[in-house]
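**Student:** Dumping the structure here so I can ask a few things about it.
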Amino acid sequence: MSELHDECGVIGLYSTDTSVDIVEETYLSLYALQHRGQVGAGIAVNQNGTIRYYKDHGMIPEALPEKELARLGNGRIALGHVKYSSGGTQVDHENLAPLVMRYIKGQLALCLNGALTNYHELREELHQGAAIFQSNGDTEIIAYLIASARINASTIEEAVQQAVKKLKGAYAIALMSPSKLIGVRDPMGIRPLCYGKIGTSYVIASESCVFDSMGGEFIRDIEPGEMLVIDDEGVHSYRENCGGKTAICMFEYIFFSRPDSVINGVSVNLSRQRAGRLLAQQHPVEADVVCGVPDCGIESAIGYAMESGILYATGLIKNKYIGRAFNNRKRNSEYLMRIKLNALKNNVNGKRVIVIDDSIVKGKTSRHIVSLLRQAGASEVHMRIASPPFRCPCYLNSDTTSKENLIAATKTTEEICAYMGADSLGFLSVESLKELAKESNLSFCDACFTGNYPLDVSDTSREDKYSKKIES
Ligand code: SF4
């Protein structure tokens, strides 16, 4: 139960059959990405070049009520987005996606998962050209760059390729022109993006679990740097930005993605189980049961149990029915945490418990978990973490935590263990990370554990990014 928040999720559908209810298909598919963002959701549909959209705060059912979706009508191309908070700030309505804009060639809709590391530079450049922004997000910058490039470019593909050449950072983009659906993944492949089919629709999505949950067919990952264009002529791949050094986000395997997704040829579920097995080898301890912190610690706990031979048991129950409104309540956080997570007394009372979580960010949740297990009667609580100490902020996703908030940036393992009140604490070693996705021949980003950022992050203070909005 990481204190790190999820990423955003993007989806785009192109139907070859006009009888398909594409809004309904997008709405249902979006549910498979709900874990990537719960702050807002939106859908845009394109009917012969006219784009209608609806977006609002909250989880999908709350943000996208039936009566609003009915007003969107139907079409052959659609985009969907689930949003997580950028920079930990409250998300204004104009920062929700899809972003729909009118420009010289008609309408354009766009949604993004990722974060630009040259946001300030690009925004300043556009400001100097008298650009007027509605939002303070990266999506609008990208839309502006595409619209500007389109003035001289002969096709939307050319305009997108020119625009993305100016971007630095992590991005998985789904965009819709009057007649095309386009997906673009950053050259390092930091954020995931794949494509497949659902019925007669071609689909671009953040994760492959979309295809399983809709009874569709996963075709392949969009390659780092690749642009995929879907139109009436079929699927076209543009690879002129492919072939460079990759930096696939390791945290997709540890936390962001759903366990039933396969990213870059690596099963997220198997990757987490492998982390659990490695933890058991690196930090063995005598105990009666192993339990996982829902949701992302579960698979690693199963791996730990398999490797150690210690019984796996459900030790913690997560309340799955909590939405944004609950998270915004002004109660003390201890109280809220108790409602979100509870210990299962029958399985831990009088037992020596190993509890596995995916990561520790601030440490407060881990401390609460140890306390819950002790109150439920656990005689010993040994915390094991299926990732190395999280020491450095990530500037490449939508929710950047500052270094002061990272407990492992300032405390040793022993100090963190004492703070949590656990009997012992063990992290996965940094060297083990390469084992988690060993089937892939791509290179990975592990900067939040090592500080080795794959690109320049000196222009990336999210706080500055948002205060800049007020100044301007
Ligand atoms: S710094 Fe961490 S969370 Fe950010 S992209 Fe790299 S591995 Fe992923």
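Every read-out reported here was derived from the displayed coordinates using simple, explicitly stated rules and does not represent laboratory data. All of these numbers come straight from a predicted model, not from anything done at the bench. Backbone-built Cβ (ideal geometry, glycine too); neighbour counts: all protein chains shown.
**Student:** Select from the range 215-278 those GluC sites (Glu not before Pro) which occupy a DSSP coil region and have at most 11 other Cβ atoms within 10 Å, ordered by residue number. Don't skip to the answer; put the middle values down first.
**Tutor:** Numbers: sites: 217, 226, 233, 240, 252; in loops: 226, 233, 240.
Answer in residue order: 233, 240.
**Student:** Moving on. Once you sort the root eigenvalues of the Cα gyration tensor of the chain as a ≥ b ≥ c, which label holds: rounded (a/c under 1.5), prolate (a/b larger than b/c) or oblate (the other case)? Before the final figure, lay out each step's value.
**Tutor:** Numbers: a/c = 1.82, a/b = 1.71, b/c = 1.06.
Note, shape of the chain comes out prolate.
**Student:** Quick one: if the Förster radius is 30 Å, what FRET efficiency do residue 74 and residue 125 give, using the C-beta to C-beta distance and rounding to 0.05? Kindly include the intermediate steps, with their values, before the conclusion.
**Tutor:** Numbers: r = 39 Å, r/R0 = 1.30.
Working from the Cβ atoms, E equals 0.15.
**Student:** While we're looking at this one, here's another question. Show me the ranking of peptides 452-458, 71-77 by mean Cβ neighbours inside 10 Å, starting with the highest.
**Tutor:** 71-77, 452-458
**Student:** Could I ask something else about it? If you restrict to DSSP beta bridges whose two residues both lie in the range 221-325, what percentage is antiparallel, to the nearest 5?
**Tutor:** Of all bridge pairs located within the range 221-325, approximately 80 percent are antiparallel.
**Student:** Then there's this: Once you place label points 7 Å from the Cα toward the Cβ at residue 165 and residue 334, how far apart are they in nm?
**Tutor:** For the pair residue 165/residue 334, the computed spacing is 5.9 nm.
**Student:** Ok, one more. Would you mind telling me the antiparallel percentage of the DSSP bridges in the range 267-440, rounded to 5?
**Tutor:** In the range 267-440, approximately 15 percent of DSSP beta bridges are antiparallel ones.
**Student:** What is the local net charge at residue 351, summed over the other residues whose Cβ is closer than 9 Å to its Cβ (Lys, Arg +1; Asp, Glu -1)?
**Tutor:** Numbers: positive: 352; negative: 288, 380.
Here the count lands on -1.
**Student:** Using 0.36 nm times the number of residues separating residue 17 and residue 413, minus their current alpha carbon distance, what extension gain do you get?
**Tutor:** This chain segment gains 136.9 nm when fully extended.
**Student:** Follow-up. So what's the angle, to the nearest 10 degrees on a 0 to 90 scale, between helix 22-31 and the longest Cα principal axis of the chain?
**Tutor:** Once rounded, the angle reads 20 degrees.
**Student:** Mean residue ellipticity at 222 nm from the helices of the chain, using -39,500 (n - 2.57) per DSSP H segment of n ≥ 4 over the full residue count, to the nearest 500 deg cm²/dmol?
**Tutor:** Calculated from helices alone, the mean residue ellipticity at 222 nm is -8500 deg cm²/dmol.
**Student:** Setting aside same-chain residues fewer than 8 positions from residue 318, which lysines have a Cα under 26 Å from its Cα?
**Tutor:** Partners found: 83, 330, 340, 345, 351, 362, 364.
**Student:** Consider a paramagnetic label point 7 Å from the Cα of residue 236 along Cα→Cβ; state which residues of the range 163-188 have an amide N under 18 Å from it.
**Tutor:** 163-165, 174-185
**Student:** Stretched out fully, how many nm does the piece from residue 102 to residue 282 gain, at 0.36 nm a residue minus the Cα gap?
**Tutor:** Result: 59.2 nm gained on full extension.
**Student:** Okay, moving on. Mind listing which trypsin sites (Lys or Arg not before Pro) in the range 371-463 are in a DSSP loop and have 13 or fewer other Cβ atoms within 10 Å?
**Tutor:** Hits after loop and neighbour filter: 438.
**Student:** Now a separate question. For labels at residue 346 and residue 220 in the simple 7 Å Cα→Cβ model, what's the distance in nm?
**Tutor:** Inter-label distance under the simple model: 4.9 nm.
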